[in-house]
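Participant: Sharing a structure here in structure tokens format.
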Amino acid sequence: MATEAVVLAAGSGSRFGGGKLLTAYGKGVLLHGALAAAFAAPVRRVTVVTGADGSQVAEAAIAYDPSVQIVDAHDWEEGMAASLRAAIAGLPADTEACMVFLGDMPRVPHEVLKPLCEAVAAGAPAAAPVFDGQRGNPVVLARALFPQVLDLRGDVGARRILDALGEAVALVEAPDDGVLFDVDHRRDVETA
């Protein structure tokens, strides 16, 4: 199955105080944690969607792996929907599924990546990891959902689409809370 990965990295990180994805984290910057998971996934290529701090985020992504593709969400200030639309619009025409990573989620366990993709390849319209009863990220969306993603507006992600699918969403048990952990505030980096 022709699956692509996208890393949403367009937000300004206003609650963080700006520059969130470029903040030191581990052996690199916060964005590198999401990129590590995206490059570990069984996908053809990885695309980073930029917006705020666009050139610096693109430079950090390319420094991590020069094969990364960059797509700019010109209307990133609208919110996450703008990033998702740019991501889906930038996919090759033969893409059958898209794995969506969030740039501020640096601890996604790699063990969930292959089962998520396999669930969609087996016919699920979408797949998401779950830990302690909570659905997390990354999610995999089948091509049939792309038109719904392109219709999203505002500061919303694909949650509404997944909620509407109900039990049709394949859930993959995650080994830890890395599918839930995201960085919103500076204290999140300090305690991670």
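The values are calculated or read from the model by the stated rules, or taken from the named source; none is laboratory data. Given the structure is predicted, the values throughout are model-derived calculations rather than measurements. When we count neighbours, we look across all protein chains shown, and the Cβ atoms used for this are built from the backbone with ideal geometry, even at glycine. Keep in mind that these areas ignore ligands, DNA and RNA; they rest on the heavy atoms of the full protein, side chains included. Shrake-Rupley method; radii C 1.70, N 1.55, O 1.52, S 1.80 Å.
Participant: Once the Cβ-Cβ distance between residue 110 and residue 55 is put in as r, and R0 is 25 Å, what FRET efficiency do you end up with, to the nearest 0.05?
Facilitator: After rounding, the FRET efficiency stands at 0.30.
Participant: Roughly how big is the chain's charge dipole about its Cα centre, with Cβ charges of +1 (Lys, Arg) and -1 (Asp, Glu), in debye to the nearest 20? Can you show the working numbers first?
Facilitator: On the way: 15 positive and 25 negative charges, 26 e Å.
Charge dipole of the chain: 120 debye, to the nearest 20.
Participant: Something else: Expressed as a whole percentage, what fraction of the accessible surface of the chain belongs to carbon and sulfur atoms when a 1.4 Å probe is rolled over the protein heavy atoms? The partial results should precede the final answer.
Facilitator: Working: 4280 of 8670 Å².
C and S atoms contribute 49 percent here.
Participant: I'd like the antiparallel share, as a percent to the nearest 5, of DSSP beta bridges with both residues in the stretch 61-185. Show your work: numbers first, answer last.
Facilitator: Working: 8 of 12 bridges.
The antiparallel fraction comes to roughly 65 percent.
Participant: State whether the chain is rounded, prolate or oblate according to the following rule on the C-alpha gyration tensor (a ≥ b ≥ c being the square roots of its eigenvalues): a/c under 1.5 gives rounded; otherwise a/b larger than b/c gives prolate, and the remaining case gives oblate. Display every interim value, and only then the final one.
Facilitator: Working: a/c = 1.45, a/b = 1.25, b/c = 1.16.
In terms of gyration-tensor shape, rounded.
Participant: What FRET efficiency comes out for residue 151 versus residue 2 if R0 is 30 angstrom and r is the Cβ-Cβ distance? Round to the nearest 0.05. Could the numbers behind the result be given before it?
Facilitator: Values: r = 23 Å, r/R0 = 0.76.
Calculated transfer efficiency: 0.85.
Participant: Say the dipole of the stretch 39-192 comes from +1 at the beta carbon of Lys and Arg and -1 at that of Asp and Glu; which of 66, 103, 121 then lies farthest toward its positive end?
Facilitator: Positive-end residue among those listed: 121.
Participant: Which whole-number percentage describes the relative contact order of the chain, with Cα contacts under 8 Å and a sequence gap of 6 or more? Let's see the in-between values first.
Facilitator: Details: 414 pairs, mean separation 48.7, N = 192.
Dividing the mean separation by the residue count of the chain yields 25 percent.
Participant: Starting from the Cα gyration tensor of the stretch 69-112, take the square roots of the eigenvalues, sort them a ≥ b ≥ c, and report rounded, prolate or oblate (rounded when a/c is under 1.5, otherwise prolate if a/b is larger than b/c, else oblate).
Facilitator: Numbers: a/c = 2.47, a/b = 1.22, b/c = 2.03.
Oblate is the answer for the stretch 69-112, as a/c is 1.5 or above yet b/c matches or exceeds a/b.
Participant: Next question. What is the sum of charges around residue 63, taking Lys and Arg as +1, Asp and Glu as -1, for the other residues whose C-beta is under 15 Å from the C-beta of residue 63?
Facilitator: On the way: positive: 27; negative: 53, 59, 65.
Computed value for this residue: -2.
Participant: Next question. First measure r as the distance between the Cβ atoms of residue 122 and residue 74, then evaluate 1/(1 + (r/R0)^6) with R0 = 35 Å and state the FRET efficiency to the nearest 0.05. Don't jump to the answer; show the numbers that get you there.
Facilitator: Numbers: r = 36 Å, r/R0 = 1.03.
Efficiency for this residue pair is about 0.45.
Participant: Suppose all protein chains stay in the model; what accessible area per residue would a 1.4 Å probe give for the chain, in Å²?
Facilitator: Working: 8670 Å² over 192 residues.
Each residue of the chain exposes 45 Å² on average to a 1.4 Å probe.
Participant: When Lys and Arg each count +1 and Asp and Glu each count -1, what net charge do the other residues less than 12 Å away from residue 3, Cβ to Cβ, add up to? Display every interim value, and only then the final one.
Facilitator: Numbers: positive: 44, 45, 114, 143; negative: 4, 94, 96, 118.
Counting the neighbours of residue 3, the net charge comes to 0.
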